[in-house]
Structures are given as C-alpha cells and as structure tokens.
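**Student:** Handing you a structure now.
The values are calculated or read from the model by the stated rules, or taken from the named source; none is laboratory data. As the structure is a prediction and not an experimental result, all values here were calculated from the model. Every residue, glycine among them, receives a Cβ derived from its backbone with ideal geometry; neighbour counts consider all protein chains shown.
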Amino acid sequence: MSWDPKIYLAYASERTRPAAELLARIADEHPQRVADLGCGPGNSTALLAARWPGAHVEGIDSSPDMLKEARASGVPAQWINADVQSWAPQAPYDLIYSNATYQWVEDHERLLPRLMGFVKKGGTFAFQVPRNFSDPSHALMHAVAESGPWKAKLAPVRPASVLSPERYYDILSPVCSSLDIWETVYLQVMEGDDPVYRWVSATGLRPFAQALDGEEREAYLAQYRQRLRDAYPKRADGKTLFPFRRLFAVARR
Ligand SMILES: C[S@@+](CC[C@H](N)C(=O)[O-])C[C@H]1O[C@@H](n2cnc3c(N)ncnc32)[C@H](O)[C@@H]1O
C-alpha cells in the first residue's frame, strides 16, 4: 500500500497527540539507542529526538514516500527503510517505540515478543495502536465492500490485526518485568465537510481505494462517504464529533 504524507499530515496535531501521551508514560531515563518503528513523516520521531537530544534516534518505515518526507523534516535522526515484520537490527535498543503502526502488521502474538527481543534488559518497549475498528468509520468500509459489485476485488483487504488489552497483557507479560496498558477515547471535534472521510482517506481507507479504479472506485467511495455522513452527522454548530479509541502499552524488559 502506498502512503501520501501530505494527506496524512492534514491532521498532524490529532495524530501526534497520542504519540506525545505515550512518550509521557516512559520513564525519564537517558536512552542511548532509540528506534521509532513506523516513523511515517517523522512527526513521532521528532518528539523522541527532542526529548533525548543526546540519543541516537532511528526512524524506521517501509514507505519510501513517508521516509522522503521524514528526511526533509530536519529531525535529527537516521532514517531506515525496513519492514517491521522482517527488521532484524544488529544491536539492541534502550527504547523501541511505535505510534500508530502495528495495526498494519499481522500476527501480534509473534511480532511483539520478537521486537521485544531487540530491547536491552531494563529497556522499554512502547506502542500505541488505534482500536476503533468496530466503529462505523471502519465497519462501514467492510460493509460497503461486501454489498457491491466490487466484493471480490475487496475481499483480500483484511481487517486490522489489533487485539484486546487482555490479549496484549497475555502476550507481553511473560517477556517483561513491568507492563502498563491503557486506553483513551478521544472525542475529536472535526471541522468542515466529510471530516471523517478525509481522516480515513489518509489511512484505513487506502487499501480499499487502491484495490479499485475508475468509476467503480468512485462509486465505492461515494457510497461509503454517504454512509459515514449518516453515522457522523454534522452538528448544529457545524462540527462533527469523531470518537476515537486508542490502546497504549509500555513494557519494560
Ligand atoms: C499511521 S502512520 C504513523 C506515523 C507516525 N508514527 C505517527 O505517529 O503519526 C503508519 C506508518 O507505518 C508504516 N508501516 C506500515 N506497515 C509497516 C511495516 N510493516 N513496516 C514498517 N513500517 C510500516 C507506514 O508506512 C506509515 O508510515
């Protein structure tokens, strides 16, 4: 799947807030080696580099478009093109951090203990993932996919691989000495027309949109957009409320 950093950064402040709130729960030590997995355009990496200016910070991502934007950001970090699933660094890290990425990576039962293996003893493994996949914003992508002539083409688009907080506890507690898991629901107040559509156009909607083309793509998107308007109506003050649940975990090895 390809990414468009400009569209992604249209909601930079809302997307970066959970990155900052995850960072705030990491002990104020002095990590020397820090990795930001799925660094995107560098917005989350910027927070890490600002908090620990003496650290060697790496931003790792599989999207060349995102990395191009990250390199242009001026954030003092080393940018690395790699897939988190096969990433195998030579030396361990004091902190492996990730904001809003693992939902794109399958098989967390295998992934998370593997990544934890690259954290130094006493080091920290921290991540945040959205957990709103049964909300209308995402459920409607699948509902519209299954109810139109595009059904077969969209069948390979898999739901996100995010698990329950209890499941993350079961996966991580055997490989860490302390574990803090929590959720936050942000009541996002959105401006303008079709804001939820614009939000997901940069992220979860992309695999659907990229699997179709031409009139079929337009028809799918129009139906989805209409269903979203009904699910997230504009209020009397012109704003649209978009509740957004996110799961956070901070584990110490
Ligand atoms: C929603 S963005 C998050 C960007 C940034 N961390 C932030 O806090 O806003 C998700 C990023 O994960 C990257 N990504 C998705 N799957 C990946 C994988 N398997 N390996 C590495 N990066 C991946 C995408 O390219 C994208 O830049």
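**Student:** Restricting attention to the range 205-215, does a residue exist that is buried (at least 17 other Cβ atoms within 10 Å of the Cβ) and of a type in the set (K, R)?
**Tutor:** Yes: the range 205-215 contains one or more residues that are buried (at least 17 other Cβ atoms within 10 Å of the Cβ) and of a type in the set (K, R).
**Student:** Can you tell me which of (1) assigned to a helix (DSSP H, G or I); (2) under 22 Å from the mean Cα position of the chain (by Cα); (3) under 21 Å from D4 (Cβ atoms); (4) in contact (Cβ under 8 Å) with a residue 24 or more places away in the chain is the one Y220 doesn't meet?
**Tutor:** Of everything listed in (1) assigned to a helix (DSSP H, G or I); (2) under 22 Å from the mean Cα position of the chain (by Cα); (3) under 21 Å from D4 (Cβ atoms); (4) in contact (Cβ under 8 Å) with a residue 24 or more places away in the chain, Y220 misses just condition (2).
**Student:** Of these, K121, K151, which one is basic (K, R) and in contact (Cβ under 8 Å) with a residue 12 or more places away in the chain?
**Tutor:** K121
**Student:** Residue check, S164 against (1) touching a strand residue (DSSP E or B) at 6+ places or on another chain (Cβ under 8 Å); (2) more than 27 Å from A46 (Cβ to Cβ), all met but one. Which one?
**Tutor:** Condition not satisfied by S164: (1).
**Student:** Going by what's in this entry, would L163 be described as in contact with a helix residue (DSSP H, G or I) (Cβ under 6 Å, 6 or more places away or on another chain), assigned to a loop (DSSP other than H, G, I, E, B), more than 16 Å from the ligand (Cβ to nearest atom) and not β-branched (V, I, T)?
**Tutor:** For L163, the condition - in contact with a helix residue (DSSP H, G or I) (Cβ under 6 Å, 6 or more places away or on another chain), assigned to a loop (DSSP other than H, G, I, E, B), more than 16 Å from the ligand (Cβ to nearest atom) and not β-branched (V, I, T) - is met.
**Student:** Just checking, which of A160, A100, A126 is at positive phi and under 16 Å from the mean Cα position of the chain (by Cα)?
**Tutor:** None of the other options fit; the residue is A100.
**Student:** Kindly establish whether A82 is within 18 Å of the chain's Cα centre (by Cα) and at pLDDT below 95.
**Tutor:** No.
**Student:** Taking the residues in the range 183-199 that are surrounded by fewer than 17 Cβ atoms within 10 Å (Cβ to Cβ) and among the aliphatic types (A, V, I, L, M) as candidates, determine which candidate is nearest to R235 (Cα to Cα).
**Tutor:** V189
**Student:** Does any residue of the range 33-47 turn out to be assigned to a helix (DSSP H, G or I) and under 18 Å from P130 (Cα atoms)?
**Tutor:** The answer is yes; a qualifying residue exists.
**Student:** Considering the range 1-32 alone, what residues qualify as being part of a loop (DSSP other than H, G, I, E, B), among the small types (G, A, S) and either within 11 Å of the ligand (Cβ to nearest atom) or under 18 Å from P130 (Cβ atoms) (or both)?
**Tutor:** Correct list: S2 only.
**Student:** Pull up the range 93-109, narrow it to residues that are in contact with a Gly (Cβ under 7 Å, 6 or more places away or on another chain) and either of a type outside the set (A, V, I, L, M, F, W, C) or free of Cβ contacts under 8 Å to residues at least 40 places away in the same chain (or both), then point me to the one that is nearest to N132 (Cα to Cα).
**Tutor:** Going through the qualifying residues, I end up with T101.
For every residue, the table says whether it meets (1) surrounded by 13 or more Cβ atoms within 10 Å (Cβ to Cβ); (2) within 8 Å of the ligand (Cβ to nearest atom); (3) not in a strand (DSSP E or B).
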{"residue": "A49", "(1), (2), (3)": "yes, no, yes"}
{"residue": "P53", "(1), (2), (3)": "no, no, yes"}
{"residue": "I60", "(1), (2), (3)": "yes, yes, no"}
{"residue": "D83", "(1), (2), (3)": "no, yes, yes"}
{"residue": "A88", "(1), (2), (3)": "no, no, yes"}
{"residue": "A91", "(1), (2), (3)": "no, no, yes"}
{"residue": "L95", "(1), (2), (3)": "yes, no, no"}
{"residue": "L112", "(1), (2), (3)": "yes, no, yes"}
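**Student:** Something else now. Is it true that E106 is acidic (D, E), within 30 Å of Y220 (Cβ to Cβ), away from the ligand (no atom under 13 Å from the Cβ) and surrounded by fewer than 21 Cβ atoms within 10 Å (Cβ to Cβ)?
**Tutor:** no
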